[in-house]
Amino acid sequence: MEHLIDQIQSELRANCDPKHRDQLVWFFKKQTVNPLGVRSKEMNRLVARFWREIKSWDKPHILQLCDRLWQTGILENGHLACKFAHRLGNRLDESDFTVLDGWLHNHIYNWAHCDDLCTHALGDVLLRFPSTMDETAQWHTSDNRWVRRGLAVSLILPLKNGAYLDHAMEVADLLIMDEDDLVQKGYGWMLKVASQTFPDEVFRFVMDRRDRMPRTALRYSIEKLPSSMRKEAMAKVYVENDRNGQARTTALP
């Protein structure tokens with residue numbers, strides 16, 4: 001394994017672009033990243049090349065390689081770890097949730113790794129093994145913004161398969177007042193995906209909560225809804241008292 005890790009690092013450094021590295025640092029702004037500057041096209045080629053070398057390994061050996069890649073703290077190595085885990089496909093089982101959970105809690109410091117892991121390998125395990133959902137029950141209380149975002153975006157793959165709508169609504173409620181804009185965008189994205197299969201349910205959810213739902217999350221949530229629903233959801237409201245002194249909420253045109 002050590003020889004392969006050295007080979008991977010050598011290939012990454014041979015394909016790094018200092019200009020792209022600086023662009024990545026700027027792009028992620030205040031998030032923790034340590035990029036070499038390998039562009040997406042070259043990364044995809046390297047993923048395919050090294051997967052051919054390791055796909056015949058037993059699963060624990062592949063996951064151990066991924067752990068070693070995470071430990072380097074290099075952006076591109078995390079990308080490789082996410083892609084290798086995803087390519088394991090159905091070889092991942094319920095017991096592997098603990099490994100993926102550990103990566104999310106201990107090695108992820110930017111939205112790219114969070115979304116790559118959660119919308120692929122982790123989301124697939126949640127879809128195929130519903131009991132693992134119980135293990136995410138307290139993620140909304142985490143001080144780690146990526147764990148809270150991961151709680152939402154890990155449901156994107158199941159939602160695309162028509163599963164877990166009720167759970168997704170519960171997650172959105174748990175995160176609804178989160179002050180972190182990247183968490184807001186995460187659960188807004190989750191609801192947007194849900195709306196493509198369950199538009200009426202998502203519309204009702206948004207309309208019942210739009211008075212306290214952050215505008216960022218609201219806009220993400222309704223992006224794929226029919227225009228009439230989007231217009232109604234975004235309409236400003238005001239409250240006045242009627243002749244009997246009862247509060248009345250009216251949508252502005």
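The values are calculated or read from the model by the stated rules, or taken from the named source; none is laboratory data. Here the structure is a predicted model, which means the values were calculated and not measured. With ideal geometry, Cβ positions are generated from the backbone for all residues, glycine too; neighbour counts draw on all protein chains shown. To get the accessible areas, we keep the full protein, side chains included, count just its heavy atoms, and leave off ligands, DNA and RNA. Shrake-Rupley method; radii C 1.70, N 1.55, O 1.52, S 1.80 Å.
Which whole-number percentage describes the relative contact order of the range 65-192, with Cα contacts under 8 Å and a sequence gap of 6 or more?
21 percent
Express the Stokes-Einstein translational diffusion coefficient of the chain in µm² s⁻¹, to the nearest whole number, given a Kirkwood radius over alpha-carbon pairs, 37 °C and a viscosity of 0.692 mPa s.
Answer, rounded: 165 µm²/s.
Against the longest principal axis of the chain, how steep is helix 165-175, in degrees 0 to 90 to the nearest 10, with axes from Cα atoms?
Roughly 90 degrees, rounded to the nearest 10.
Compute the long axis of helix 199-209 from its Cα atoms, compare it with the longest principal axis of the Cα atoms of the chain, and write down the angle in degrees, 0 to 90, nearest 10.
That works out to roughly 70 degrees.
GNM on the chain, C-alpha springs below 10 Å: top fluctuator among 137, 163, 194?
Result for the chain, Cα springs under 10 Å: 137 fluctuates most.
So what's the net charge close to residue 55: Lys and Arg +1, Asp and Glu -1, counting the other residues with Cβ under 10 Å from its Cβ? Before the final figure, lay out the partial values.
Working: positive: 52, 87, 91; negative: 53.
Combined, the nearby Lys, Arg, Asp and Glu give +2.
Please give the helix 2-14 orientation as an angle from the longest Cα principal axis of the chain, in degrees from 0 to 90, rounded to the nearest 10.
70 degrees
Sum -39500 (n - 2.57) across every DSSP H segment of at least 4 residues in the chain, then divide by the residue count to get the 222 nm mean residue ellipticity, nearest 500. Don't jump to the answer; show the numbers that get you there.
Numbers: 15 runs with 156 residues, N = 253.
Helix-only estimate at 222 nm: -18500 deg cm²/dmol.
Could you tally the net charge around residue 159, taking each other residue with its Cβ under 14 Å from the Cβ of residue 159, Lys/Arg +1 and Asp/Glu -1?
Charge balance in the 14 Å sphere: -1.
Less than 14 Å Cβ to Cβ from residue 137, Lys/Arg counted +1 and Asp/Glu -1: what total charge do the surrounding residues give? Spell out each step's value before the answer.
On the way: positive: 148; negative: 101, 134, 135, 170, 173.
So the environment of residue 137 carries a net charge of -4.
Please calculate how many Å² of accessible area the chain carries per residue, with a 1.4 Å probe and no DNA, RNA or ligand atoms counted.
52 Å²
Would you list, by chain and number, the lysines whose Cα falls below 23 Å from the Cα of residue 160, excluding same-chain residues fewer than 8 positions away?
83, 185, 192, 224
Protein chains only, probe 1.4 Å: how do 13, 145 rank by accessible area, largest first?
If we order 13, 145 from most to least accessible, we get 13, 145.
Could you go through the range 108-117 in sequence order and give the Karplus-derived ³J(HN,Hα) for each residue, using 6.51 cos²θ - 1.76 cosθ + 1.60 with θ = phi - 60°, rounded to whole Hz, and x for Gly and Pro?
Those phi angles translate into 9, 10, 7, 5, 5, 5, 4, 5, 5, 5 Hz.
Treating only the Cα positions of the range 116-179 as identical point scatterers, give the base-10 log of I(q)/I(0) from the Debye formula at each q in 0.12, 0.24 Å⁻¹.
-0.25, -1.04
Rounded to a whole number, what % of the accessible area of the chain do carbon and sulfur atoms account for, probe 1.4 Å?
48 percent
Whose amide H sits under 5 Å from the amide H of residue 38, counting only residues 5 or more places off or on another chain, with H placed in the peptide plane?
Those qualifying (amide H under 5 Å, at least 5 residues apart or on another chain) are 17.
Convex hull over the Cα atoms of the range 62-157, averaged projected area in nm²?
Average projection, Cα convex hull of the range 62-157: 5.2 nm².
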